[in-house]
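**Student:** Take this structure, written in structure tokens, and hold onto it; I'll ask about it next.
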Amino acid sequence: MIYLNQDFTVTPWEVKGEVDYNKLIIDFGIKPLSEDILNRLRKHVGRLHYMLRRKIFFAHRDLDWLLDMYERGENFILYTGRGPSGHTHLGHMIPWIFTKWIQEKFNAKLYFQITDDEKFLFKHKLTLETVKKYSYENILDIIAIGFDPDKTYIFLDTEYSKTLYPLAIRFAKHITFSTARAVFGFKESNNIGQIFFTSMQAVPAILESVKQGKNVPCLIPLAVDQDPHFRVARDIYPKLGFYKPAIIHGKFLPGLGRGGKMSSSIPETCIFTIDKPKDVRRKIMNAFTGGRPTKEEQRKYGGNPLICPVYQYFYFLIEKNDEKMRKIFDECRNGERLCGECKRELAEKMVKFLLDHQKKRENAKDMIERFMLRD
Ligand code: TRP
């Protein structure tokens, strides 16, 4: 039965099935976040973010090196990004919330890439005008997270191209088609923009080094599907005279249906940041759960929080108190907590979370230019 759980796909263009993160660690050649490295982090930040305590961020590349550098007095910059293929949903916000915490703890600059070129090239139906519209919608959500306006630089690939392009071609020159094909599975039918794209995603990690004229370490928080771009690019940075960026990998927020990550293509199982309270309540009340078919069975046998998206939403986003989280787990397991009340509790907390976010999102409308990097 070894094969039962292995039916999943994780690439930058597609995430499908029940992801086995331990298998990904092996397949991608990344390192689990060990107690050792978490203790090292704790020395610098005090209490760890709940996403670290709960292993929502679960793996890394060269984080030990980054901490060595930091302890020697070299500050690092942060880099992350967003592919603007539609409106922002809760899953997208997980790495952003975590990135904001690191920015605060380490007082780090953040480069935030909006890959409008990527989404135009990879999504056949999207026009450049539409991706641009989504880019600026998404930027409101990014600003609403609370990044430091004096230390955060947001840019669209097509708009910041005078700076990005001459750097991207330096990477492109070292990446052969056969490497890109082996890593991403490209076929003859892929358009040539897609094949080039990894070189655009590589660039922001070196923007600060180029600006300062000396090497500055970089940490990239990302959802683990983005790792393949950097697996390719990390071989190139030293060839161009730069440090390899360190990476910290996050898990996917599941959708409200059965299995799989939250995905805009199934809107009923996906909560968007601009959803209205009544839609949020409906989606949550209709969610799949780990509960039993009847109240009596639930009381008697308890539910299964580990396969339950409602539980996962508390875990990933809503309930930051570990004690309370454990209580939800125990109450579900021992049959005290019924799915209906659990969903209602989540729905109300989620509505509150979103109304607060929407207020900040509205305020962000006047702040866009403070954050944009222009050339
Ligand atoms: N390609 C990413 C996406 O589709 C966006 C992105 C660009 C990104 N640069 C990044 C994500 C760096 C994480 C880290 O969402």
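**Student:** Starting at the first residue of segment 26-36, write each ³J(HN,Hα) from the Karplus equation 6.51 cos²θ - 1.76 cosθ + 1.60 with θ = phi - 60°, in whole Hz, x for Gly and Pro.
**Tutor:** Coupling constants for segment 26-36: 6, 4, 8, x, 9, 9, x, 6, 6, 4, 4 Hz.
**Student:** Something else now. If we count every other residue with Cβ under 10 angstrom of GLU208's Cβ, Lys/Arg +1 and Asp/Glu -1, where does the sum land?
**Tutor:** Residues near GLU208 contribute +3 overall.
**Student:** If you don't mind, another one. Between helix 322-333 and the chain, what is the angle of the helix's C-alpha long axis to the longest principal axis, kept within 0 to 90° and rounded to the nearest 10?
**Tutor:** With both axes taken from Cα atoms, the answer is about 50 degrees.
**Student:** A follow-up question, please. In what sequence, highest mean first, do 285-296, 50-61 appear when ranked by Cβ atoms within 10 angstrom?
**Tutor:** 50-61, 285-296
**Student:** Would you mind checking which residues have amide H under 5 Å from LEU33's amide H? H placed 1.01 Å from N; only 5 or more apart, or other chain.
**Tutor:** So LEU33 has HN proximity to ALA59, HIS60.
**Student:** State the answer as a single residue: which of PRO217, LEU338, ILE328 lies farthest towards the positive end of the charge dipole of segment 216-343, with beta carbon charges of +1 for Lys and Arg and -1 for Asp and Glu, about the Cα centre.
**Tutor:** Farthest along the dipole direction, towards plus: LEU338.
**Student:** Based on Cβ point charges of +1 for Lys and Arg and -1 for Asp and Glu, what charge dipole magnitude is obtained for segment 152-233 about its Cα centre, in debye rounded to the nearest 20?
**Tutor:** Magnitude of the dipole: close to 300 debye.
**Student:** If you place +1 on the Cβ of every Lys and Arg, -1 on the Cβ of every Asp and Glu, and leave all else neutral, what size is the dipole of segment 296-375 about its Cα centre, to the nearest 20 Debye?
**Tutor:** 140 debye
**Student:** Which percent, nearest 5, of DSSP beta bridges in the chain are antiparallel?
**Tutor:** Of the beta bridges lying entirely in the chain, close to 40 percent run antiparallel.
**Student:** On the Cα set of segment 99-143, report Rg and Dmax in Å, please.
**Tutor:** 13.7, 41
**Student:** At what distance in nm do the modelled label points of LYS359 and PHE329 sit from each other, each positioned 7 Å from its Cα along Cα→Cβ?
**Tutor:** Using points 7 Å along Cα→Cβ, the separation is 3.3 nm.
**Student:** Then there's this: Measure of size requested: the Rg and Dmax of the chain, with Cα atoms as the atom set and Å as the unit; please supply both.
**Tutor:** So, for the chain, Rg and Dmax equal 21.0, 68 Å respectively.
**Student:** For the chain, what is the relative contact order in percent, using Cα pairs closer than 8 Å and at least 6 residues apart in sequence?
**Tutor:** With pairs under 8 Å counted, the relative contact order is 20 percent.
**Student:** Sticking with this structure for a sec: Name the residues whose placed amide hydrogens come within less than 5 Å of the amide hydrogen of LEU78, ignoring near sequence neighbours (fewer than 5 apart) on the same chain.
**Tutor:** Amide H to amide H, under 5 Å and 5 or more residues apart or across chains, LEU78 pairs with LYS109, LEU110, TYR111, LEU219.
**Student:** Return the calculated 222 nm mean residue ellipticity for the chain, to the nearest 500 deg cm²/dmol, obtained by summing -39500 (n - 2.57) across DSSP H runs with n ≥ 4 and dividing by the residue count.
**Tutor:** So the calculated ellipticity at 222 nm is -14000 deg cm²/dmol.
**Student:** Projecting each Cα onto the charge dipole of the chain (Lys/Arg +1, Asp/Glu -1 at the beta carbon, about the Cα centre), which of GLN312, THR127, ASN363 comes out farthest on the positive side?
**Tutor:** GLN312
**Student:** Can you give me the distance in nm between label points at THR163 and LYS23, each placed 7 Å from the Cα along the Cα-to-Cβ direction?
**Tutor:** Label-label distance for THR163 and LYS23, simple model: 4.1 nm.
**Student:** For a test of the definition: using alpha carbon positions, the gyration tensor, and the 1.5 limit on a/c, classify segment 104-185 as rounded, prolate or oblate.
**Tutor:** Oblate.
**Student:** With the convex hull built on the Cα atoms of segment 1-74, state its orientation-averaged projected area in nm².
**Tutor:** Across all orientations, segment 1-74 yields a mean hull projection of 6.5 nm².
**Student:** Work out the P(r) tail for segment 267-363: percent of alpha carbon pairs separated by more than 17 Å, whole number.
**Tutor:** Counting every Cα pair in segment 267-363, those more than 17 Å apart make up 50 percent.
**Student:** Okay, moving on. Please order ILE30, ILE139 by the number of other Cβ within 10 Å, starting at the fewest.
**Tutor:** ILE30, ILE139
**Student:** Also, quick follow-up: Given Cα pairs under 8 Å that are at least 6 residues apart, what percent is the relative contact order of segment 267-363?
**Tutor:** That works out to 34 percent.
**Student:** May I ask you to order 234-243, 359-368 by the average number of other C-beta atoms within 10 Å around their residues, highest value first?
**Tutor:** 234-243, 359-368
**Student:** Using the crude model of +1 on Lys and Arg Cβ and -1 on Asp and Glu Cβ, and no other charge, please compute the dipole size for the chain relative to its Cα centre, in debye to 20.
**Tutor:** The calculated dipole for the chain is roughly 420 debye.
**Student:** Among all the lysines, which ones have a C-alpha under 21 Å from LYS173's C-alpha, if same-chain residues fewer than 8 places away are not counted?
**Tutor:** LYS162, LYS187, LYS239, LYS244
**Student:** Over segment 154-257, what is the relative contact order in whole percent, taking alpha-carbon pairs under 8 Å and six or more residues apart?
**Tutor:** So the answer I get is 28 percent.
**Student:** Please work out the C-alpha center-to-center distance from segment 313-347 to segment 243-287 and express it in whole Å.
**Tutor:** 18 Å
**Student:** Exceeding 19 Å between C-alpha atoms, which entries from my cross-link table qualify? They are LYS16/LYS125; LYS109/LYS211; LYS109/LYS360.
**Tutor:** Flagged as over cut-off: LYS16/LYS125; LYS109/LYS360.
**Student:** If we count other beta carbons within 10 Å of each Cβ, what is the order of ILE274, ILE102, ILE248, fewest first?
**Tutor:** In order of increasing Cβ crowding within 10 Å: ILE274, ILE102, ILE248.
Values in this text are rule-based calculations from the coordinates and carry no lab data. This structure is a prediction, so every number in the text was calculated from the model and none was measured. Here the Cβ is made from the backbone with ideal geometry for all residues, glycine too, and neighbour counts use every protein chain on show.
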